[in-house]
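Asks: Please find one structure pasted underneath; my questions will follow.
The values are calculated or read from the model by the stated rules, or taken from the named source; none is laboratory data. This structure is a prediction, so every number in the text was calculated from the model and none was measured. FYI the Cβ positions are ideal-geometry reconstructions off the backbone, even for glycines, and counts take in every protein chain you see. Note: accessible area is taken over every heavy atom of the protein model, side chains too, but ligands, DNA and RNA are not part of it. Shrake-Rupley method; radii C 1.70, N 1.55, O 1.52, S 1.80 Å.
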Amino acid sequence: MMTKTEVIESAKNFARDFFKNDHSGHDFAHTLRVYDLACHIAEQEGADVFLVGLAALLHDVDDHKLSPDTAAEKNRSRRFLDSQGLEKTVVDSIVDMIRQVSFSQNTLPPDTLEGKCVQDADRLDAMGAIGIARTFAFGGSHGRAIYDPEGKDSASSIAHFYDKLLLLKDKMNTPTARKLAEGRDNFLRLYLDEFISEWNADR
Ligand code: ADP
Ligand code: NI
């Protein structure tokens, strides 16, 4: 029987290995930041830190962009969890959490506190200074323009701020994340203001 610490260590190794060649913003560093944030939120909110940690470490290994074949059933995560000797009910609940967290157009929030913590952490990592870096990394790797001042290029990286990043603050599930999101959202707005000023040579 593995201890919880050993299972978490093993999940880290599994995710590190899975993401080793990805630098598109969906990499192991993202997974580790989501893990740290999600555990912090879970502690504050009184959620089960082990379940939250495991779901956070696995939340992107069956992402539809990276792994379209396993995305629906989260097969990769399930196979890993089964290999750790966890009870089937535990495996099922983690797989459910991952499925709910990764709905990109999610209409419904996750139905467990643990799922809410992971979703909040994933969204926080798309905000603030880190979110800005990821947005330009994603844009660059997809050949997108930085900015189109005419607003015709809806695929520019700056357009993504308005399409997604600035909307995240109001989508947080937990009070702990809402507070963190406020700081990160303020920084996004400050950054945009400076960006536009410099673009217009006003500063
Ligand atoms: P995750 O599933 O981890 O939430 P996504 O796959 O949605 O992340 O996106 C990965 C990163 O790339 C995020 O930081 C996101 O904001 C950014 N991103 C996604 N779509 C775009 C886009 N069209 N332009 C610029 N950045 C994007
Ligand atoms: Ni993610």
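Asks: In contact with a helix residue (DSSP H, G or I) (Cβ under 9 Å, 6 or more places away or on another chain) and under 18 Å from residue 63 (Cα atoms): does that describe residue 165?
Replies: Criteria not met by residue 165.
Asks: Go through 155, 137 for me and flag whichever is in a loop (DSSP other than H, G, I, E, B), near ligand 1 (Cβ under 10 Å from one of its atoms) and among the hydrophobic types (A, V, I, L, M, F, W, C).
Replies: Being in a loop (DSSP other than H, G, I, E, B), near ligand 1 (Cβ under 10 Å from one of its atoms) and among the hydrophobic types (A, V, I, L, M, F, W, C) holds for just one of 155, 137, which is 155.
Asks: Can I ask one more? Scan the stretch 191-198 and tell me whether some residue there is in contact with a Ser or Thr (Cβ under 6 Å, 6 or more places away or on another chain) and open to solvent by 40 Å² or more (accessible area, probe 1.4 Å).
Replies: no
Asks: Just need a number here: residues in the stretch 116-130 that are closer than 15 Å to residue 176 by Cβ, open to solvent by less than 10 Å² (accessible area, probe 1.4 Å) and part of a helix (DSSP H, G or I).
Replies: The total comes to 6.
Asks: Applying the selection to the stretch 1-46, what residues are of a type in the set (Gly, Ala, Ser), more than 16 Å from ligand 1 (Cβ to nearest atom) and surrounded by 14 or more Cβ atoms within 10 Å (Cβ to Cβ)?
Replies: 10, 11, 42 - these are the residues of the stretch 1-46 that are of a type in the set (Gly, Ala, Ser), more than 16 Å from ligand 1 (Cβ to nearest atom) and surrounded by 14 or more Cβ atoms within 10 Å (Cβ to Cβ).
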